[in-house]
Amino acid sequence: MKRMKEAARGAANCALRRPGIVAGALLVMLSISSAGAQGNDADKLLKAMSDYVASQKAISVTFDSDVEVITSNLQKIQFTSSGQVQLSRPDKLRATRTGGYRDIEIVFDGKTFSINNKDNKEYTQVDAPGTADQLIDVLRERHGVTAPGADLLLSNVFDVMMADVIDGAVIGKGVIDGVECDHLAFRNVDTDWQIWIESGARPIPRKYVITSKAVAEAPQYTLRIKDWKNDVPADAFVFKPDQSAKKIAINELSDIDEVPQGITQAGARK
């Protein structure tokens with residue numbers, strides 16, 4: 001809040017020195033002050049989303065995601081994928097992601113998680129008894145699967161997303177796929193992130209953007225969530241590999257990242 005007030009005063013002082021930009025400076029000052037005043041409201045709206053998502057025992061969504069990367073010659077390139085996530089709390093998860101370079105499926109039944117690389121017709125299975133929350137940690141920490149959007153489905157969404165936040169604000173309203181949403185913006189030391197939450201009685205996340213400030217050119221990760229439902233087929237968590245697929249050890253699994261090898265990835269972590 002102190003930084004916002006200082007920025008507002010700076011804008012006003014600049015306007016006094018240059019009368020030609022008074023209107024613009026006042027607009028900046030008002031918008032910054034308003035954002036700071038709504039910081040607590042941003043926390044409340046995010047907490048309401050977190051509580052609502054955590055209360056859903058079964059979730060099925062489809063999504064589109066964009067990952068921006070910066071190449072060695074400082075060119076910004078964007079890679080786009082689509083997929084589906086099905087979750088049955090506490091210990092069942094299925095996720096698919098199809099893009100121009102990878103077609104991946106992950107299935108977890110509470111005891112075993114399976115990774116299916118459909119492009120190479122190979123899959124691996126690992127014993128991993130526990131919850132879906134624990135599986136997401138295992139995938140990130142042991143196997144390098146970042147999946148930044150997975151935070152939105154955790155049972156403790158609010159605590160995870162707010163762990164290192166230094167500033168937050170309600171920006172206003174937005175419309176995602178024809179649905180009115182509350183637009184929130186938060187800041188960490190290394191990233192800025194925004195989230196659009198459906199307004200009203202069903203506060204589900206509709207869009208999520210992470211901007212990596214610590215990387216040159218500030219690449220972004222964007223997730224758009226669609227088709228939010230609360231019914232999941234009974235057989236959704238039964239792994240069914242192609243009969244021609246080969247079972248391999250996890251350390252033999254080919255790269256399953258949504259960005260092809262040889263291109264520097266950035267903008268996919270918060």
Set of aspartates and glutamates with alpha-carbon distance to residue 246 below 13 Å, sequence-local pairs under 8 removed = 119, 122
Take the Cα atoms of region 91-227, find their three principal axes, and give me the spread along each one in whole Å, biggest first.
-> 45, 38, 31
Percent relative contact order of region 173-269, based on C-alpha pairs within less than 8 angstrom and at least six residues apart?
-> 20 percent
So how far apart, in nm, are the two label points at residue 120 and residue 56 if each is 7 Å from Cα heading toward Cβ?
-> 3.3 nm
Spin-label point model (7 Å from Cα, Cβ direction): what's the residue 78 to residue 171 distance in nm?
-> 1.4 nm
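For the pairs 121/240; 92/118; 57/173; 173/226, flag any whose C-alpha to C-alpha distance is greater than 23 Å. Each step should come with its number before you reach the end.
Values: 121/240 12 Å; 92/118 21 Å; 57/173 28 Å; 173/226 18 Å.
Going by Cα-Cα distance, 57/173 fall outside the 23 Å limit.
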Residues other than residue 84 with Cβ under 12 Å of its Cβ, Lys/Arg counted +1 and Asp/Glu -1, net out at +1
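Which number comes out as Rg/Rh for region 44-160 once both Rg and the Kirkwood Rh are worked out on C-alpha atoms?
We get a ratio of 1.00 for region 44-160.
The numbers here are math on the coordinates, done by the rules we state, and not lab data. Computed from a predicted model, the values in this text were never measured in an experiment. Here Cβ is always computed from backbone atoms with ideal geometry, including for glycine, and neighbour counts include all displayed protein chains.
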